[in-house]
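The values are calculated or read from the model by the stated rules, or taken from the named source; none is laboratory data. Every value quoted in this text rests on a predicted model; they were computed, and no experiment measured them. Backbone-built Cβ (ideal geometry, glycine too); neighbour counts: all protein chains shown.
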Amino acid sequence: MVRSLFAPLAVSLLAACAAQPAGEAVDLDLLPTAASGAALFGCPQENCQEAEPGATPDDPTSQGDQPDMNNEPYEGEQEDNTASALPSESELPGQTQIPVDSRLRFVDTRTNEELLKVAISGSQPPLNYAPNTEYWSRLRPVKASVMSMESVAFPTGPGTPEYEKDFHLWLSAGSLIATAQETSPQQWIEGVYQPQSSNSTLYWAVDPDDPNNSRIGLLLERDGNHELLSMTWYKTWQPKKGLIFEKLPSKLKFVQMAGTEPRDIDPNAERWYYFHCVTRPL
């Protein structure tokens, strides 16, 4: 946003965001539905927005194509977003959040518009990008009440001209912020994060690590022009490996809450832990 896309990044970024090595990914959709909302957690109706009806999680052993989360064809780019397309565990250096050298996108499920794109560099970053860094690109104002997070693999590997081109094109259409990729359990703090921006939105999703009992939260902070300022993840326990996801789903639906209080996501949860991503504009 402040600097050009090719401005050098300091490697000493402080925080990280989102998922687990692809070797443990599961090829399924996790769709929060109205039934899994108030019925599962006893969430007060006035504090929970009803989600769109969705399918139950697919069989993790299935290798078939995954339907779009709003049951309508996705009108943008048609990448393969199944878990089998992601890097193998042997290609990943240690424990990471989002698998390195991979991509995510957040799509408004009501309009099929892409809202956010994320690209994660590994030990061989493209020219003028920092290693082991998450780059979040905001394509348009994030005002969706329901979003689909989709995992998308790069078609080529790092160190190739095609990879550098794909990495740049994935991010180039939006305004960027960056955050370091790795984190530890100690960086997950028990309690509630106080947003620094009045323009903040909290979303909930089924927790892929415990889909029958738990939920996670994602708080997006924006400025007055709806530029993305920061991301904060919520989980109901302190992750042993410091990861928001032990299992990375191919798709995950996020539903907007009425406020920013994580206790409204699941009033029965005894504790909430949050991880605030320290970000840097580019």
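Quick grid of which residues meet (1) surrounded by fewer than 18 Cβ atoms within 10 Å (Cβ to Cβ); (2) closer than 21 Å to PHE106 by Cβ:
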{"residue": "LEU169", "(1), (2)": "yes, yes"}
{"residue": "GLN181", "(1), (2)": "no, yes"}
{"residue": "GLN194", "(1), (2)": "yes, no"}
{"residue": "SER200", "(1), (2)": "no, yes"}
{"residue": "ALA205", "(1), (2)": "no, yes"}
{"residue": "PRO211", "(1), (2)": "no, yes"}
{"residue": "TRP272", "(1), (2)": "no, no"}
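With respect to the conditions (1) under 30 Å from TRP237 (Cβ atoms); (2) surrounded by fewer than 15 Cβ atoms within 10 Å (Cβ to Cβ), GLY157 falls short on a single one, namely (1). For the stretch 178-195, indicate whether the set of residues that are touching an Asp or Glu at 6+ places or on another chain (Cβ under 6 Å), assigned to a strand (DSSP E or B), modelled with pLDDT under 95 and of a type in the set (S, T, N, Q) is non-empty. Within the stretch 178-195, one or more residues are touching an Asp or Glu at 6+ places or on another chain (Cβ under 6 Å), assigned to a strand (DSSP E or B), modelled with pLDDT under 95 and of a type in the set (S, T, N, Q). Consider the stretch 226-256 and keep the residues that are touching a helix residue (DSSP H, G or I) at 6+ places or on another chain (Cβ under 8 Å) and under 27 Å from ARG280 (Cβ atoms). The one that is surrounded by the fewest Cβ atoms within 10 Å (Cβ to Cβ) is LYS241. Annotation note: Cβ proximity below 8 Å between a residue of the stretch 128-143 that is assigned to a loop (DSSP other than H, G, I, E, B) and a residue that is among the charged types (D, E, K, R) and crowded, with 16+ Cβ neighbours inside 10 Å (sequence gap 6+ or interchain) occurs for ASN132/GLU182; LEU139/GLU114; LEU139/LYS117; ARG140/GLU114; PRO141/ARG222; VAL142/ARG222. When residues in the stretch 221-234 are screened for being assigned to a strand (DSSP E or B) and more than 13 Å from the chain's Cα centre (by Cα), 4 of them pass. It is to be established whether one or more residues within the stretch 247-269 are in contact with a Lys or Arg (Cβ under 6 Å, 6 or more places away or on another chain), in contact (Cβ under 8 Å) with a residue 24 or more places away in the chain and in a loop (DSSP other than H, G, I, E, B). So far as the stretch 247-269 goes, yes, one or more of its residues are in contact with a Lys or Arg (Cβ under 6 Å, 6 or more places away or on another chain), in contact (Cβ under 8 Å) with a residue 24 or more places away in the chain and in a loop (DSSP other than H, G, I, E, B).
Might you check whether a residue that is touching a residue at least 12 places away in the same chain (Cβ under 8 Å) and among the polar types (S, T, N, Q) occurs anywhere in the stretch 154-170? So far as the stretch 154-170 goes, no, none of its residues is touching a residue at least 12 places away in the same chain (Cβ under 8 Å) and among the polar types (S, T, N, Q).
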